[in-house]
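Chemist: Following this message is one structure expressed as structure tokens.
Values in this text are rule-based calculations from the coordinates and carry no lab data. Being a predicted model, the structure only gives us computed values, none of them experimental. Using ideal geometry, Cβ is built from the backbone for each residue, glycine included, and neighbour counts are taken over all protein chains shown.
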Amino acid sequence: MAAPTVKHSQETRVLYLVMLSVLWLIFLFTVFTLTALDDRGSRVDMDQYVRFADEMYGLPKKHVNTTPALVRPPAVDRGLPGELGTGVDLTPKTDEEIRLVAKGYKKYAFNQYVSDMISVHRTLQDLRDQSIIIVFHNEALSTLLRTVYSVLENTPAELLHEILLVDDFSSYRMLHIHCYLREGGNVKSELELELSQIGSVVRLLRAKRREGLIRARLLGARHATGQVLTFLDSHCECMPGWMEPLLERIAHDHTIVVSPILDYIDLNTFRYNFYITEGVPRGGFYWTNMNFCWSQVPQYEWNRRTSPSDPIRTPTIAGGIFSIHKEYFKHIGTYDTYMDIWGGENLDLSFKVWQCGGSLEILPCSHVGHVFRGSVPYNYTAPEGVYVVIKNTMRVAEVWMDQYKDIYYRRQKRTKTMSAGDLTEKRKLRHDLRCRNFTWYLRNVYPELYVPNLVPRAYGQYFEYTNDHELRTPIGRNWDLCLHCGMGSLDVITAHCTGPSKVVQDQLWLYTQDKTLLHLYTHYCLEGTTSGVTLATCNGQNKQIWLLENMASQD
């Protein structure tokens, strides 16, 4: 009876050893998946790839394995129907085909007949050929390199074609452009020495003169060989998983221009502040100076979306960080090369995309942090002494805004003495692309934007007297202020305008033939005092006489 006991004991030991071996393999596999090899072959911890996960966001650290669960078999015939995501436009030619198509629609509510013609392993178009373009001018070396490394460390290798660093004629020694030119290109800067250790995926281009952001980006675009262009500022950091959503939307529709959510990096402490989707603003613009602004996402856009990951449509983009298909960028005329330095190019691109058949989106699943500077650390005046932002925005207004450009010109007096330059080429582009007018843009893309009167009752002074009987002043934010007098008080203050759809009685004024401003609710007149303005009984004295410039005829 002893023999069976020995045999049973041996089987138990074998089973025990097998279990230990399996546990050891699981341990090795876990260790392997929690580490990664960088381009230089050294082992780095995956904590690099999920920065701030515990400290800032409470997000779990995880390794994203890009290896597919099943390897697709080699395609036998690349010419099969539906390859690379193309559709199969089939017109049934026989009674049998008509019957089968109808049967599929009835049974599955889609064209099953066409689906059966397409391989279940079909290959979709690959948009891995991505060129990332980073323009810099006298940028701090640490922020520039942090931008580059955040791209390299948070972008799957198979999605990254190249990074193009465009030096817009920097003069700082660590960037060494002047020494580089003086020595015939034989002197290496700190930047070049650092980049030489990264590999050929990063290329450095040097402008031979100061081009400005707009033309420097075009220099990078001309040298780019990828299908998709992603423009980054030189002081940002990319979050893990930032790239995939951008490419997915462009693969879905090449006319979509996409921007990540721009998280805020504090310029003093460099703390990374993460935006949650519900708090994300979208882009707009000011009538006052034609500058980009952030505005709240309107309720109709929240209602349109069915998931927190759905794109947020935006009237404009900030312009510093976005992705666009290279051929589509060419199709819509790229940037306006007559614009100088920086400013206005993002509105030019935004209006052009929307009015010419494309769209702009902010993608909640893509996050890039950006250092929003407190001021511009370089000269904003072009060599000929023209204040470039006004000239640039005048070009935007003249090409895309139709009659609405006058709203801007009334608020920016310098435009009266400045020229926007030759606009022939850009106006021809708009005509050739059969772009929509600006009225369509305001009604369909940005309906919540307050549109001032094209011909107000009076303008030119600080306050504009509107056709809705408001005394309104633009303050360069997401709202205007109106002269307001509340119930039971004669004090005149400024408050957020409630018009034009419904102007409250506290903000209604009448400019009379006697040149007084009558408050229609109290029937008192606006009177100037040594400390400001107030309401008083109308008496026609000089303190109640107001001269409004550029008065329009009143019916």
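Chemist: Between Lys93 and Thr522, what is 0.36 nm times their sequence separation minus the Cα-Cα distance? Round to one decimal in nm.
Modeler: So the chain would gain 146.6 nm between Lys93 and Thr522.
Chemist: Would you mind classifying segment 464-544 by shape? Square roots of the alpha carbon gyration tensor eigenvalues, ordered a ≥ b ≥ c; an a/c under 1.5 is rounded, otherwise it is prolate if a/b is larger than b/c and oblate if not.
Modeler: Prolate.
Chemist: Is the shape of segment 237-291 rounded, prolate or oblate, going by the alpha carbon gyration tensor and its root eigenvalues a ≥ b ≥ c, with a/c under 1.5 for rounded and a/b larger than b/c for prolate?
Modeler: Oblate, since a/c reaches 1.5 and b/c is not below a/b.
Chemist: Next up: Using per-residue counts of other Cβ atoms within 10 Å, averaged over each peptide, order 356-363, 153-160 from highest down.
Modeler: Going from most to least packed, we get 356-363, 153-160.
Chemist: On full extension of the chain, what length is gained from Ala140 through Lys106, given 0.36 nm per residue of separation minus the C-alpha to C-alpha distance?
Modeler: Full extension of this stretch gives 5.9 nm more.
Chemist: Taking the Cα-to-Cβ direction at Thr86 and at Thr417 and moving 7 Å from each Cα, how far apart do the two end points lie in nm?
Modeler: Using points 7 Å along Cα→Cβ, the separation is 6.0 nm.
Chemist: I need the shape label for segment 130-371. Rule: rounded when a/c is under 1.5, else prolate if a/b > b/c, else oblate, with a, b, c from the alpha carbon gyration tensor.
Modeler: Cα axes put segment 130-371 in the prolate bin.
Chemist: While we're looking at this one, here's another question. Compare the peptides 525-531, 210-216 by average per-residue count of other Cβ atoms within 10 angstrom and give them in order, highest first.
Modeler: 210-216, 525-531
Chemist: Ser196 to Arg373: FRET efficiency via 1/(1 + (r/R0)^6), r the Cβ-Cβ distance, R0 22 Å, to the nearest 0.05?
Modeler: The calculated FRET efficiency here is 0.15.
Chemist: Using modelled backbone amide H atoms (1.01 Å from N, in-plane), which distant-in-sequence or interchain residues come within less than 5 Å of Tyr275's amide H?
Modeler: Tyr264
Chemist: Can you tell me what share of the DSSP beta bridges in segment 130-371 is antiparallel? A percent to the nearest 5 is fine.
Modeler: Bridges in segment 130-371 are about 40 percent antiparallel.
Chemist: Sorted by packing (mean other beta-carbon atoms within 10 Å per residue), highest first, where do 272-285, 225-238 land?
Modeler: By packing density, highest mean first, the sequence is 225-238, 272-285.
Chemist: Under a point-charge model restricted to the Cβ atoms of Lys and Arg (+1) and Asp and Glu (-1), what is the dipole moment magnitude of segment 130-371 relative to its Cα centre, in debye to the nearest 20?
Modeler: 540 debye
Chemist: Provide the gained length on full extension for the span Arg122 to Leu267, in nm with one decimal, where the gain is 0.36 nm per separating residue minus the Cα-Cα distance.
Modeler: Result for the pair: 47.4 nm of gain on full extension.
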